[in-house]
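Since the structure comes first, as structure tokens, the remarks are kept for the end.
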Amino acid sequence: MRHLVTQAISVSVWSVLGLAMASGAISAAESPAPPPAKPPAEAQPTPAKAQPTLMVDLLTYDGVINPVSAEYITDGIAAAQSAHRAAVVLQLDTPGGLDTSMRIIIKAINASTVPVIVYVGPSGSRAASAGTFITLAAHVAAMAPGTNIGSAHPVSMGGGEMDEEMKKKVENDAAAYIKSIAEQRGRNGAWAEEAVRKSVNVTEQEALKLRIIDVVAEDVPALLAAVDGRSVAMSDGTKRLSTKGAAVVGAPLSWRLRLLNALIDPNVAYVLMLLGTYGLLYELMSPGAILPGVVGSICLILAFYAFQTLPINYAGLLLILLAIVLFIAEVKITSYGLLTVGGVIAMFLGSVMLMKSDLPYLRVSLKVIIPSVLGTALFFLFVVGMAMRTLGAKPVTGREEMIGGHGVARSDLAPNGTVFVRGELWAARSNEPIRDGDAVEVTGMDGLTLQVKRAAGSATQKES
């Protein structure tokens, strides 16, 4: 009986629980479904970050390799490293230049952490002498169609002729240096050595076949597309170039470097030296003018700045100074033109010898020398001559003008009286008796009183 009661209670409990669960299910089915939960923030897609624009600095240099070009290129490479550029392109057109400046540029390229691309362009450009060394030292060497490279034989730059032993030493040094540079970049070291020893020269297509350069490109955008993806050995490891479509940022010469580059030109330096000499001499002969002395000093200082980078021959400089001395002597001494002729010859020879170099861009042009020599001769014969004659001329006004003047006594002078001089009556004093009407000569002046004496050899005359 107890067992039956227990079963009945269990059945009742489970029935109630089943009805409750069924009721809850129905209510859940009839109520609206809740909105789906948002995915967590990290699961949401994030917009892609904008990639930084690739930028390449473009250095453009057309001219002689000298201290100005060395400063421009090394500063340009340093700026590109600071800005983390993708590369630096040096567009080069040069006939060559100074060995010291060339080596400074090559050291900057070797130490650069940014790939340096030397591009001989545009069409018609060349990389001769020092330009050949710089091109071979680049991480990437390129040329434009219609360009050439080579002729790297060293020449004398010191103002004196090298003996055979010294020539051989200089040539061997240059040959070893360029061969080392070429082989470091995986280029044709044998050809590089011939460029020094035999002055060989090749076109851009020949240079490409001989493994002297890496690329031939029409322009800078084509160059950047061609070298994209190329691996280059840098001072801090191997880098892969990413230059295709890069923005090109030009870095032209500053006004200061353009000015200094113009001063270093041999023709400009020569003219500055002459102008400085003219100004100082004119100031010495006409003290107080001030302006010629100031301008002359500035011109001479600028000329000396240029001379420190040029192959000056001191024999030529001494001949020019001798010519100036002869011109001054012509003004003081009557030589019937012989001193002038000697000065013209000395100055012409000195001007031709002034820059001792086999390179035409390091010599003074005859088109500058001939007018300068003739102009200098005329300057000393006329301008300086007139200034010196003015200094030696007798004054025409003031106290000094009266001394030596002649007149007539208008009264007896014993010792005081009056005289008629320069159209005026003057109080006069004489140490000797002078009669009225005697000719007198003024020997001094004390205030407004003239000191006179009887004119030598003059007859007594009366002036009304």
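The numbered conditions (1) crowded, with 17+ Cβ neighbours inside 10 Å; (2) at pLDDT below 95 are all true for residue 106 except (2).
Only one of 240, 230, 197 is under 24 Å from residue 130 (Cβ atoms) and either in contact with a Cys (Cβ under 8 Å, 6 or more places away or on another chain) or of a type in the set (Lys, Arg) (or both). Can you tell me which? Reasoning before the result, please.
On the way: 240 fails: under 24 Å from residue 130 (Cβ atoms); 230 fails: under 24 Å from residue 130 (Cβ atoms).
Testing whether each residue is under 24 Å from residue 130 (Cβ atoms) and either in contact with a Cys (Cβ under 8 Å, 6 or more places away or on another chain) or of a type in the set (Lys, Arg) (or both) leaves just 197.
When you scan the stretch 207-228, do you find a residue that is under 29 Å from the mean Cα position of the chain (by Cα) and under 30 Å from residue 354 (Cβ atoms), even just one? Looking for residues that are under 29 Å from the mean Cα position of the chain (by Cα) and under 30 Å from residue 354 (Cβ atoms), one finds none in the stretch 207-228, hence no. For the stretch 110-166, a tally of residues being at pLDDT 95 or above and not assigned by TED's automatic domain parsing to the domain that holds residue 187 returns 0.
What do you reckon, is residue 315 small (Gly, Ala, Ser), at pLDDT below 85, farther than 30 Å from residue 71 by Cβ and outside any strand (DSSP E or B)? Spell out the reasoning first.
Details: small (Gly, Ala, Ser): yes; at pLDDT below 85: no; farther than 30 Å from residue 71 by Cβ: yes; outside any strand (DSSP E or B): yes.
Spelling it out, it is not the case that residue 315 is small (Gly, Ala, Ser), at pLDDT below 85, farther than 30 Å from residue 71 by Cβ and outside any strand (DSSP E or B).
Based on this model, can you work out whether residue 249 counts as within 31 Å of the chain's Cα centre (by Cα), among the β-branched types (Val, Ile, Thr) and buried (at least 17 other Cβ atoms within 10 Å of the Cβ)?
Numbers: within 31 Å of the chain's Cα centre (by Cα): yes; among the β-branched types (Val, Ile, Thr): yes; buried (at least 17 other Cβ atoms within 10 Å of the Cβ): no.
So residue 249 fails the test.
Screening the stretch 362-412 for residues that are out of contact with any helix residue (DSSP H, G or I) (no Cβ under 7 Å at 6 or more places or on another chain), part of a loop (DSSP other than H, G, I, E, B) and at pLDDT 70 or above and picking the one that is farthest from residue 422 (Cα to Cα) gives 412.
Could you look through the stretch 173-192, keep only residues that are part of a helix (DSSP H, G or I) and more than 31 Å from the chain's Cα centre (by Cα), and pick out the one that is surrounded by the most Cβ atoms within 10 Å (Cβ to Cβ)?
To start, the set of residues in the stretch 173-192 that are part of a helix (DSSP H, G or I) comprises 173-184, 189-192.
Within this subset, residues satisfying the condition of being more than 31 Å from the chain's Cα centre (by Cα) are 183-184, 189-191.
On the way: 183: 14, 184: 13, 189: 19, 190: 12, 191: 21.
Out of the qualifying residues, it is 191.
Do the conditions hold for residue 295, that is, is it on the phi < 0 side of the Ramachandran plot, buried (at least 17 other Cβ atoms within 10 Å of the Cβ) and in a helix (DSSP H, G or I)? It would help to see each step written out before you state the result.
On the way: on the phi < 0 side of the Ramachandran plot: yes; buried (at least 17 other Cβ atoms within 10 Å of the Cβ): yes; in a helix (DSSP H, G or I): yes.
Yes: the conditions hold for residue 295.
Which residues, taken from the stretch 124-144, are out of contact with any helix residue (DSSP H, G or I) (no Cβ under 8 Å at 6 or more places or on another chain), hydroxyl-bearing (Ser, Thr, Tyr) and in a helix (DSSP H, G or I)? Break it down into steps so the answer makes sense when it comes.
Kept after step one, since they are out of contact with any helix residue (DSSP H, G or I) (no Cβ under 8 Å at 6 or more places or on another chain), are these residues of the stretch 124-144: 124-126, 128-129, 131, 135.
Still in the list and also hydroxyl-bearing (Ser, Thr, Tyr): 125, 129, 135.
Scanning the stretch 124-144 gives a single hit, 135.
Scanning for something touching a helix residue (DSSP H, G or I) at 6+ places or on another chain (Cβ under 7 Å), charged (D, E, K, R) and farther than 17 Å from residue 249 by Cβ, does the stretch 60-83 turn up at least one residue? Yes, the stretch 60-83 has at least one match. Number of residues in the stretch 217-237 that are of a type in the set (S, T, N, Q) and modelled with pLDDT under 90 equals 1.
Is one or more of the residues making up the stretch 100-123 touching a Pro at 6+ places or on another chain (Cβ under 7 Å), closer than 22 Å to residue 227 by Cβ, part of a loop (DSSP other than H, G, I, E, B) and small (Gly, Ala, Ser)? First the steps, then the outcome.
First, pick out the residues of the stretch 100-123 that are touching a Pro at 6+ places or on another chain (Cβ under 7 Å): 101, 123.
Imposing the further condition that a residue be closer than 22 Å to residue 227 by Cβ reduces the set to 123.
Next, from what is left, pick out any that are part of a loop (DSSP other than H, G, I, E, B): 123.
Those left that are additionally small (Gly, Ala, Ser): 123.
There is at least one residue in the stretch 100-123 that is touching a Pro at 6+ places or on another chain (Cβ under 7 Å), closer than 22 Å to residue 227 by Cβ, part of a loop (DSSP other than H, G, I, E, B) and small (Gly, Ala, Ser).
The values are calculated or read from the model by the stated rules, or taken from the named source; none is laboratory data. The model shown is predicted, which means the values in this text are computed figures rather than measured ones. So basically every Cβ, Gly included, is an ideal-geometry build from the backbone, and we count neighbours across all protein chains shown.
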